[in-house]
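S.K.: A single structure is presented below for examination.
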Amino acid sequence: MSRRALSAASAVFFLILTSAAGSASQPVQTSNIGSQCVACHTTVTPNVVADWKLSKHHEAGIDCDTCHGTAHTTAADAAKATIPTPETCGQCHETQVTQFSKGKHAMAWAAMEAMPTIHWQPMAMTEGMKGCGSCHKIGLKSAEQLATLQKQERFGTASCDSCHTRHTFSVKEAQSPQACETCHMGFDHPQWEMYSSSKHGVRNELKQLKIQPETSAAPTCQTCHMQQGNHEVMTAWGFLAVRLPLPDDPQWKADQVTILQALGVLDPSGKPTARLDVVKAANVARVDQASWQAQRDKMLKTCNQCHSLNFAKQQLQYGDDMIKNADHLMAQAIRIVADLYKDGILPKPKNYAYPFPDLLTFHDAPTVIEQKLFVMYLEHRMRTFQGTFHASPDYALWYGWSEMQRDLTEIQQLAAEARRGQPGLRPAVRPQ
């Protein structure tokens with residue numbers, strides 16, 4: 001991605017934050033046509049009506065037109081129905097929308113669009129929301145993005161309904177760990193699998209099955225990540241487990257610099273690039289000690305509800321140490337590929353700004369060794385440190401650390417073969 005494109009992406013982040021700041025002050029739109037909506041949709045979409053009748057909205061007299069407007073009145077003008085946005089929810093839920101707008105989930109859509117090769121995916125995967133867009137739709141969108149989405153297929157704009165699914169919009173549903181399962185699972189962030197196989201998750205499942213008593217301690221995802229219902233959903237290390245300032249330990253510092261260079265956040269001389277502005281705007285990493293410590297202290301306070309403070313500090317320190325160890329393996333692999341570029345053995349892709357492999361190109365990396373590096377970073381490094389923090393030993397070891405060791409061995413062998421002139425590292429020819 002060019003500096004110009006990255007700066008534009010950064011600007012989009014700030015535009016979204018600015019537009020969201022005053023979104024919760026509009027008056028609630030009401031009319032007397034709600035009963036007409038129910039009468040018709042009881043036949044047309046009966047389950048939608050059934051869900052709405054189960055909702056707090058129904059109990060409070062919030063009718064269809066409050067969220068969908070009054071323009072749609074017949075089957076012929078269904079396209080005039082307004083699709084809700086967070087601003088719609090903010091008319092009544094100002095506190096929650098304000099918290100959400102400052103948090104990680106609010107940046108999801110913009111973070112997806114900032115990826116260098118996202119436009120190489122089929123539209124159904126992004127705007128069509130059958131891939132990345134299906135989960136990243138929770139993020140806030142600019143007015144231009146909303147207009148584009150509504151022109152194409154008009155859905156996926158509400159954000160809040162990613163967790164409080166329509167039309168019940170249940171608080172109890174969103175407070176259950178299963179509400180997180182759809183997005184927080186799989187390749188690069190199997191938090192659901194980690195959590196559900198941990199003692200935390202097992203105890204919660206037993207509690208839901210009425211085997212554990214209702215008063216037993218059984219932390220959910222929300223217990224740790226949405227303390228007191230706060231919708232910011234922030235963590236100390238962030239999604240990518242990189243932070244500023246860099247560690248004091250010389251080896252870890254060097255390893256993190258290498259990783260930041262492969263993320264395009266630092267240039268070959270270690271100076272910040274335009275992507276750092278995107279990282280700051282997206283709030284995907286803590287960029288000062290105070291903000292990192294604030295999130296760590298918040299987590300310690302949560303852990304201390306069930307564990308001693310000493311135990312909690314020790315367990316979180318294990319997570320920090322696991323990042324350190326994983327980073328050392330990761331940095332070695334990155335340097336191997338960077339050296340292949342440097343020595344002219346592997347052609348550096350023209351769309352890479354710097355002589356480092358670009359980890360954010362994901363599966364669009366052009367050769368086998370670069371693909372292996374991407375998998376090592378986004379799948380196996382993630383599982384190593386996330387498995388540790390989520391108290392899932394099998395993920396931390398066998399799905400994470402062990403796989404990273406194997407990745408590094410394979411990358412070393414592929415590099416050695418390339419240096420001997422053996423085939424197999426030529427860039428793939430992609431269909432146009």
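The values are calculated or read from the model by the stated rules, or taken from the named source; none is laboratory data. Predicted model only: the values in this text are computed from it and were never measured. Cβ coordinates were reconstructed from backbone atoms using ideal geometry, including for glycine residues, and neighbour counts include every protein chain displayed. Surface accessibility is based on the protein's heavy atoms, side chains included, excluding ligands, DNA and RNA. Shrake-Rupley method; radii C 1.70, N 1.55, O 1.52, S 1.80 Å.
S.K.: For the full complex of protein chains and a 1.4 angstrom probe, list E370, E144, E379 by accessible area with the highest value first.
M.R.: Largest to smallest exposure gives the sequence E144, E379, E370.
S.K.: Here's something else I'd like to know. Percent of accessible area on the range 293-411 owned by carbon and sulfur, 1.4 Å probe?
M.R.: Accessible surface attributable to carbon and sulfur in the range 293-411 totals 55 percent.
S.K.: Right, here's the next one. Tell me the accessible surface of W109 in square angstrom (1.4 angstrom probe, heavy atoms of protein chains only), to the nearest ten.
M.R.: Surface open to solvent at W109 totals about 0 Å².
S.K.: Straight distance only, please: which lysines reach the Cα of K348 with their own Cα at less than 26 Å, same-chain residues fewer than 8 apart left out?
M.R.: Once the sequence-local lysines are set aside, what remains near K348 is K253, K271, K372.
S.K.: Moving to a separate point now. If ligands, DNA and RNA are left out, what is the accessible area of V171 with a 1.4 Å probe, given in Å² to the nearest 10?
M.R.: Per-residue accessible area (V171): approximately 80 Å².
S.K.: Something else about it: Given a Förster radius of 35 Å and the C-beta distance between Q175 and Q332 as r, what FRET efficiency does 1/(1 + (r/R0)^6) yield to the nearest 0.05?
M.R.: After rounding, the FRET efficiency stands at 0.25.
S.K.: For the range 103-195, rounded, prolate or oblate, judged on the Cα gyration tensor with a ≥ b ≥ c (square roots of eigenvalues), a/c < 1.5 rounded, else prolate if a/b > b/c?
M.R.: oblate
S.K.: Same structure, new question: May I ask you to rank L54, L206, L397 by accessible area, largest first, using a 1.4 Å probe over the protein chains only?
M.R.: Descending order: L54, L397, L206.
S.K.: Please name which of P347, W192, H225 has its Cα lying farthest along the dipole of the chain towards the positive end, using unit charges on Cβ (Lys, Arg +1; Asp, Glu -1) and the Cα centre as origin.
M.R.: Ranked along the dipole, the leading option is P347.
S.K.: A further question on this structure: If you take the charge dipole of the range 251-344 about its Cα centre, with +1 on Lys and Arg Cβ and -1 on Asp and Glu Cβ, which of L263, S291, Q251 is farthest toward its positive end?
M.R.: S291
S.K.: Moving on to the next point. When the accessible area of the range 94-242 is computed with all protein chains present and a 1.4 Å probe, what percentage of it is carbon and sulfur?
M.R.: On the range 94-242, the fraction of accessible area on carbon and sulfur atoms equals 59 percent.
S.K.: Roughly how large, in nm² to one decimal, is the mean projection of the convex hull of the alpha-carbon atoms in the range 306-432?
M.R.: Averaged projected area of the range 306-432's Cα convex hull equals 9.3 nm².
S.K.: For D343, tell me the accessible area in Å² from a 1.4 Å probe, rounded to the nearest 10.
M.R.: 90 Å²
S.K.: With all protein chains present and a 1.4 Å probe, how do E181, E417, E205, E59 order by accessible area, largest first?
M.R.: Sorted descending by solvent-accessible area, the residues read E59, E205, E181, E417.
S.K.: What number comes out for accessible area per residue over the chain if the probe is 1.4 Å? Units Å², please.
M.R.: Each residue of the chain exposes 51 Å² on average to a 1.4 Å probe.
S.K.: Follow-up question, since we're still on this one. Can you give the extra length, in nm with one decimal, that the chain gains between L309 and A147 once fully stretched, where that is 0.36 nm per residue apart less the Cα-Cα distance?
M.R.: Here the segment from L309 to A147 would lengthen by 53.4 nm.
S.K.: If you place +1 on the Cβ of every Lys and Arg, -1 on the Cβ of every Asp and Glu, and leave all else neutral, what size is the dipole of the chain about its Cα centre, to the nearest 20 Debye?
M.R.: 480 debye
S.K.: Which value in nm describes the separation of the simple spin-label points at R203 and D248, placed 7 Å from the Cα toward the beta carbon?
M.R.: Taking the two extended label points, one gets 3.4 nm.
S.K.: Name the long-range amide H neighbours of S170: under 5 Å, sequence gap of 5 or more, or other chain; modelled H, no Pro or chain starts.
M.R.: Amide H neighbours of S170, under 5 Å, 5+ apart: T165.
S.K.: Give the lysines reachable from K130 as a straight Cα distance under 23 Å; neighbours fewer than 8 places away on the same chain don't count.
M.R.: Within the straight-line limit of under 23 Å, K130 reaches these lysines: K104, K141, K151.
S.K.: Test of understanding: in a Gaussian network model of the chain with alpha carbons linked when under 10 Å, which of A312, A333, A281 would top the mean-square fluctuation ranking?
M.R.: A312
S.K.: According to the square roots a ≥ b ≥ c of the eigenvalues of the Cα gyration tensor, what is the shape class of the range 191-282, taking rounded for a/c under 1.5, prolate for a/b larger than b/c otherwise, and oblate for the remainder?
M.R.: It is prolate, given that a/c is not under 1.5 and a/b is the larger ratio.
S.K.: Right, here's the next one. Give me the percent of Cα-Cα pairs in the range 235-307 that sit more than 16 Å apart, rounded to a whole number.
M.R.: So the portion of pairs separated by more than 16 Å is 53 percent.
S.K.: Tell me the label only: which of (1) 21.4, 68; (2) 31.4, 107; (3) 23.7, 78 is Rg and Dmax of the Cα atoms in Å as calculated from this structure?
M.R.: Only one listed value fits the structure, namely (3).
S.K.: Report the label-to-label distance for R166 and I211 in nanometres (one decimal), using points 7 Å from each Cα along the Cα→Cβ vector.
M.R.: Between R166 and I211, the simple spin-label model gives 3.8 nm.
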